[in-house]
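Here the structure comes first, spelled out in structure tokens, and everything after it is commentary.
The values are calculated or read from the model by the stated rules, or taken from the named source; none is laboratory data. Please read these numbers as outputs of a predicted model, since none were measured by experiment. With ideal geometry, Cβ positions are generated from the backbone for all residues, glycine too; neighbour counts draw on all protein chains shown. Heads up: the accessible areas ignore ligands, DNA and RNA and are worked out on the full protein's heavy atoms, side chains in. Shrake-Rupley method; radii C 1.70, N 1.55, O 1.52, S 1.80 Å.
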Amino acid sequence: MKRLFLRFIGSRQTFLFIACSLLLTLLTTNLALADFTEPQSQQGEYLALAGNCKGCHTTLGGKPYAGGRKLQTPFGEFVTPNITPDIETGIGQWSKEDFWQAMHHGKAKDGRYLYPVFPYIEYTKVTRQDSDKIFDYLRSLPPVAQANPPHKIDPPYDNQFLLFLWRTWYFEEGVYKPDSSKSEEWNRGAYLVQGLGHCTACHTSRNVWGASQDGELQGGEIMGTFWYAPSLISPLEAGMGDWPIETVVELLSTGITNHAVTSGPMATIVRESLQHLSAADMRAMAVYLQSIGKKEIDIKKTRKIPPMPEAVRQYLAKGELIYEKHCQDCHGESGQGVSNIYPPLAGNRSVTLTSPLNTIRSVLYGGYPPSTAGNKRPYGMPPYQHIIHDTEIAQVVSYIRNAWGNLGSLVNQFDVDDSRGYEY
Amino acid sequence: MKFSIITITTLFLVFSLANTAQSTSIKVPDSLEQRVKPCTICHEDVDKTSLDAYFPRIAGKPAGYLYNQLRNFRDGRRYYQPMAILLENMSDEYILEIARYFSSMHYTYPQPDPHGLPPNEINMVEKLINSGDPARNIPACNTCHGESLMGIEPYIPGLLGLPHAYLAAQFGGWRNGGIMRGQTPDCMSEIAKKLTQEEVYALARWLPAQPVSGETAKSETLDPALVQRCEDIFSERKHFK
């Protein structure tokens, strides 16, 4: 709030800001789902999917919403709580107000500050109506008696006072404020992306305290997961400023498009959450994402290819041989891929990210894009960790980052070893 | 002005890239065989000359069994990291299709691997296989795994043609009750926990030495009492009518 306010003070938009605030109450009602014919709990189910509550609050193969899923972070291991309406072990004794306290202020029923692993930094933008609907839905679930183990948080992060300080510093509480200069669709998209969609929870650079440094979808390595979530703004990363709306929608709702594919945690978000959103909401998100993506490509930066020393040329030549032997059948002799089946590697921004982490992981572990209604039977990529050595993985990754006009840093076998996550 | 030149250059680059892509496009068969390439890198359909003979055959095993195992790997009830990652975002429907595909595949069995066990151990194994041990509530292995030990449709796997290292690891997994395989108590893990170290050792040697013959038996051949005993495993029968 403070930050937001400062940005407006003294600008030509001060007037607009005041007008905005006046319109606010009116517009907030428009953010909620337009269709009121469905029962409240059904709308709540939809909103819970948009927030991926089930994804986090269900352990692998466990009962939905009964918690128990372990989340590794550099601060320790968090275990998601049971949020079914069980009296003893769930949130059976919670009121709507208690639930709103959690979603909006990040406080548990007993007044304890919740850890921001629960993405309330984002959910604080959710309206009271939507929060109530989610609560009604959770209340309609069968109660599951399941006590989950406590968190194992490393000191000093287990200290509530430090958490309090952290919150004062980084937590901006407040429901999403519509921008009246933008369309209703844009606002709906912004509301979903910034709020329930909690895209910033991953797509951000984090400082030592796990706080989002900019809250502006700049991209960063997700702490504790060994995945890099690219910037949703920069055209060199995953910014979609130049993409047609339909392509953004296709990627986020099916997990694949002709030149990009979702993997790892992003594939999971698509499967568990985004594929279930309505066409109108997906479009709204795409409209918003397209508008925040920077458009101009800084050609000078991408085209300045330094002269290649002979040693580098030889290193890449080794990578090329590995590519021909193991990769070419699927990704093509010029890295062109096959539309909606095998992602191209030439001109693929995921491959040339400054951080080689995701690319190394793809080669080590392989993977399938998510099975979704729009891509029910995806084709997959084999793991290479058992097939070629780390030095060879480093060579082939260096090669694909610098072949066919791609430009990325070289990687060595230590980078490969550093990319093995500890959760597996 | 500089900007527009840059834009034009970009467009040009993008178009030339798109053109090369078209000229060398690859034909990808719309088949399951193509879709499971990541699996067949380890589970080949002919007997594998791999560094360590650890990869189990999956071709020709009952579909329901494969379906259960794949969901177990995905959902953390059976642990093997490379497969967990591949299966992480697959739907049940897709997994079922993949299970059916491997189940319908023909398999060339490896040559029997001589066990070199002493006669008393051979006796011990054959007794377990053909009559079990009522005192410990262990039914004969062949009542569940089929007369010829080739399994029973659709949930019980055959026991022949599996590598020694793999068998030893499975018994170990069940007996330790760990994430390898023993997390959920089911009819097989209960039986495996009752076996002694010596029995496990001998079984894991004896089974790979048997010549493979016969077919997977039909589901009617399974005693209803044993179906009852394995209820957890048989829960999704509707898919395999």
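Given the conditions (1) within 14 Å of chain A (Cβ to nearest Cβ); (2) crowded, with 18+ Cβ neighbours inside 10 Å; (3) in contact (Cβ under 8 Å) with a residue 40 or more places away in the chain, report the number of the one that B:Tyr79 does not fulfil.
(2)
Looking for something more than 30 Å from B:Leu70 (Cβ to Cβ), in the same structural domain as A:Phe161 (by TED's automatic domain parsing) and either open to solvent by 30 Å² or more (accessible area, probe 1.4 Å) or at pLDDT below 90 (or both) - is there at least one such residue anywhere in region A:42-62?
Yes: region A:42-62 contains one or more residues that are more than 30 Å from B:Leu70 (Cβ to Cβ), in the same structural domain as A:Phe161 (by TED's automatic domain parsing) and either open to solvent by 30 Å² or more (accessible area, probe 1.4 Å) or at pLDDT below 90 (or both).
Being in a helix (DSSP H, G or I) and either among the aliphatic types (A, V, I, L, M) or within 13 Å of another protein chain (Cβ to nearest Cβ) (or both) is the filter here; which residues of region A:350-368 pass it?
A:Val351, A:Leu357, A:Ile360, A:Arg361, A:Ser362, A:Val363, A:Leu364, A:Tyr365
Looking at region B:112-140, which of the residues that are in a loop (DSSP other than H, G, I, E, B) and hydrophobic (A, V, I, L, M, F, W, C) is nearest to the chain's Cα centre (by Cα)?
So the residue we want is B:Ala140.
Which one of these is touching a residue at least 24 places away in the same chain (Cβ under 8 Å) and more than 18 Å from A:Asp98 (Cβ to Cβ): A:Val193, A:Val126?
Sole residue among the options that is touching a residue at least 24 places away in the same chain (Cβ under 8 Å) and more than 18 Å from A:Asp98 (Cβ to Cβ): A:Val193.
Please work out which residue is nearest to the chain's Cα centre (by Cα), limiting yourself to region A:321-339 and to residues that are surrounded by fewer than 19 Cβ atoms within 10 Å (Cβ to Cβ) and over 19 Å from A:Tyr379 (Cα atoms).
Going through the qualifying residues, I end up with A:Ser334.
With respect to A:Asp179, is the statement that it is open to solvent by less than 60 Å² (accessible area, probe 1.4 Å) and either in contact with a Gly (Cβ under 6 Å, 6 or more places away or on another chain) or not assigned by TED's automatic domain parsing to the domain that holds A:Glu45 (or both) true?
Answer is yes for this residue.
When you scan region A:390-404, do you find a residue that is among the polar types (S, T, N, Q) and either at pLDDT below 95 or assigned by TED's automatic domain parsing to the domain that holds A:Arg271 (or both), even just one?
No.
Do we find that A:Gln395 is assigned to a loop (DSSP other than H, G, I, E, B) and either out of contact with any His (no Cβ under 6 Å at 6 or more places or on another chain) or within 13 Å of chain B (Cβ to nearest Cβ) (or both) in this structure?
No: the conditions fail for A:Gln395.
Would you check which residues across region A:340-349 are surrounded by fewer than 20 Cβ atoms within 10 Å (Cβ to Cβ) and either more than 14 Å from chain B (Cβ to nearest Cβ) or not in a loop (DSSP other than H, G, I, E, B) (or both) and list them?
A:Arg349
When residues of region B:209-223 are filtered for being open to solvent by less than 60 Å² (accessible area, probe 1.4 Å) and assigned to a loop (DSSP other than H, G, I, E, B), how many remain?
The number of residues fulfilling the criteria is 5.
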